[in-house]
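Novice: Before we start, here is the structure in question, set down as structure tokens.
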Amino acid sequence: EGRIVIVGASLAGLRAAEALRERGFHGSLTLIGDEPHEPYDRPPLSKQVLQGWVRADHTALPRMRAVDAEWRLGVAATGLDRVNRRVLLATGDTVPYDRLLIATGVRARPWPNPAEGALRGVFTVRTREDATGLQAALNAHPKRVLVVGSGFIGSELASVCRERGVPVTVAERGGGPLIGPLGGVIGDIAARMQRGAGVDLRTGVSVRSLDGDSEGRVRRACLSDGTTLDVDVVVASLGSIRNVEWLQGAGLAAGFWGVGCDAGCRAFDINGVVTDNIFVAGDVARQPHVLYEYQFISMEHWDNAVCGAQVAANNMISLETERRPHLPLPSFWSAQFGVNIKGVGVCSFGDEIAFTQGCPENYRFAAVYGRRGRIVGAVTFDHGKWLPYYAAMIERSAPFPAPPPGYDRAPDPAP
Ligand code: FAD
């Protein structure tokens, strides 16, 4: 049976541990996590927790089953010795393994200037502690919050501010919110939605610097268009950094983009050769997808962490012939400005878009993304129940654009 070690005790790590036991793995199982907490769920941190509906310490992930494992929480892995098959810990201990799962995820990209980032009132949102700190700041009735960056998390934070009646400015370097994952057409709709809800959205603008007062609290932001803003809370929502430093020197294909692995979650070494005892799952994984011309993609989505964990667990304890590729279609969701956004496929892979249902003007619609005449992604605003319909189209590479459900004529692509 041997020894399995999982580094990263969050969503992917927990779900992999559960799947290993469920599939009959009886050997020794150790989870190593640098956070002091039992695995918890991150999506509520930028939504229900900041809205005050759920306490940050009440976000533990529901257990699918009891996991018989040794949990080493609050201790970081600092190195990997592949020759002797052991993980090195910050405590100086070593943990031997026969098979290893890398599930160390990502961390929030910090404010680029460390001195400004250390000012009180400057936050990122990735952990429970981050959310608790930001919630306290929002409870103190700030005069204005500045959210820097408007991807999913930045947009959710702006939404929470408006729901709580807090004045909020969003500074987005690009052309609009959500453009990275969902493209410019949806970005324009999201921009209208945000402005309609009272967000002071400024696009094409970055933040040059932050100034603090004599007590070290953030007070002012200087923007690249020459304007300044009086702010007492700044949330940097600048994307993420993959947690791969501990793998330095281990000879794996690990770097800026994550840890490269094949479709079955087996890690590549530095020469691009697949390893037989090291696996990768979750936000830190970078793997090829059959539906996307085998391009390597990294996905920081909840469903991807769960699916990847299950495939990795299966392949860690299966014979070569029984190994399963990581094939499920990527899917994601977000909740902001009273709208449930759900998507499937890789929308950013598409180069054209067509609306298939509903009405973009009132933020209730479905749209599909096409690439080379085939559907590669779909996004829905309050039309989530149609996601399986679009997922089926993507899975069979249906021609773009898709007919709306119940119709046989495809809509015209958006200009
Ligand atoms: P993580 O959750 O990042 O876990 C990795 C763990 O490994 C962490 O505990 C980390 O501290 C630990 N670790 C790192 N390095 C080491 C080391 N050297 N040694 C030991 N431990 C280490 N996804 C959606 O699909 N929909 C949403 O609405 C959504 N909302 C989100 C809102 C927020 C605020 C955040 C932060 C994320 C959201 N996500 C959402 C993304 C989703 O939470 C992630 O995809 C998911 O958490 C990935 O799980 P993971 O286990 O791969 O990585």
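Novice: How many nm separate the modelled label positions at Asp213 and Glu163, each set 7 Å beyond the Cα in the direction of the Cβ?
Specialist: According to this spin-label approximation, the distance is 2.9 nm.
Novice: Follow-up. Return a whole-number percent for the relative contact order of the range 329-384, with Cα pairs under 8 Å and 6 or more residues apart as the contact set.
Specialist: Relative contact order comes out at 36 percent.
Novice: Here's a follow-up. When only Cα pairs under 8 Å and 6 or more residues apart are kept, what is the percent relative contact order across the range 1-86?
Specialist: Relative CO of the range 1-86 lands at 36 percent.
Novice: Toward the positive end of the charge dipole of the chain, about the Cα centre and with charges on Cβ (Lys, Arg +1; Asp, Glu -1), which of Ile6, Leu88, Val218 goes farthest?
Specialist: Farthest along the dipole direction, towards plus: Val218.
Novice: Here is a follow-up. Within the chain, which complete DSSP H helices have Cα atoms spanning at least 27 Å along the helix axis and a mean Kyte-Doolittle hydropathy of 0.0 or higher?
Specialist: What comes out of the filter, once short or polar helices are dropped, is none.
Novice: Quick check on the chain: helices-only [θ] at 222 nm, where DSSP H runs of length 4 and up contribute -39,500 (n - 2.57) each and the sum goes over total residues. Nearest 500, please.
Specialist: It comes out at -6000 deg cm²/dmol, rounded to the nearest 500.
Novice: Calculate the dipole size of the chain relative to its Cα centre from +1 charges on Lys and Arg beta carbons and -1 charges on Asp and Glu beta carbons; express the result in debye to the nearest 20.
Specialist: 360 debye
Novice: Shifting gears a bit: Restricting things to alpha carbons, find the Rg to Rh ratio for the range 4-154 using the Kirkwood radius for Rh.
Specialist: With Rh from the inverse mean 1/r over Cα pairs, Rg/Rh is 1.04.
Novice: Calculate what fraction, in whole %, of the accessible area of the chain sits on carbon and sulfur atoms when a 1.4 Å probe is rolled over the protein chains.
Specialist: 51 percent
Novice: Something else: Please report how far the C-alpha centroid of the range 365-393 lies from that of the range 296-364, rounded to the nearest whole angstrom.
Specialist: What the calculation gives is 11 Å, centre to centre.
Novice: Same structure again: For the pair Val54/Arg173, report the inter-label distance in nm, with labels modelled 7 Å from Cα in the Cβ direction.
Specialist: Output for this residue pair reads 3.1 nm.
Novice: Ok, one more. How would you classify the chain from its alpha-carbon gyration tensor, with a ≥ b ≥ c the square roots of the eigenvalues: rounded for a/c under 1.5, else prolate if a/b is greater than b/c, otherwise oblate?
Specialist: It comes out oblate by the Cα gyration axes.
Novice: So, one more: So with the 1.4 Å probe, I'd like the accessible area per residue for the range 62-205, rounded to whole Å².
Specialist: 43 Å²
Novice: Setting aside same-chain residues fewer than 8 positions from Lys342, which lysines have a Cα under 26 Å from its Cα?
Specialist: Partners within reach: Lys47, Lys385.
Novice: Over the chain, what is the relative contact order in whole percent, taking alpha-carbon pairs under 8 Å and six or more residues apart?
Specialist: It comes to 13 percent, rounded to a whole number.
Novice: What whole-number distance in Å separates the alpha-carbon centres of the range 8-65 and the range 121-190?
Specialist: Answer, in whole Å: 25.
Novice: On a full-extension model of 0.36 nm per residue, what is the gain between Thr132 and Cys222, subtracting their alpha-carbon distance, rounded to one decimal in nm?
Specialist: 29.7 nm is the gain from fully extending Thr132 to Cys222.
Novice: Right, here's the next one. Sorted by mean Cβ packing within 10 Å, highest first, what order do the peptides 259-267, 353-361 take?
Specialist: 259-267, 353-361
Novice: Multiply the residue gap between Arg374 and Ala118 by 0.36 nm, knock off their C-alpha separation, and tell me the result in nm, one decimal place.
Specialist: Extra length available between Arg374 and Ala118 comes to 87.4 nm.
The values are calculated or read from the model by the stated rules, or taken from the named source; none is laboratory data. All figures in this text were calculated on a predicted structure; none of them were measured in a lab. Every residue, glycine as well, gets a Cβ built from its backbone with ideal geometry; the counts of neighbours run over all protein chains shown. Note: areas computed on protein heavy atoms with side chains; ligands, DNA, RNA excluded. Shrake-Rupley method; radii C 1.70, N 1.55, O 1.52, S 1.80 Å.
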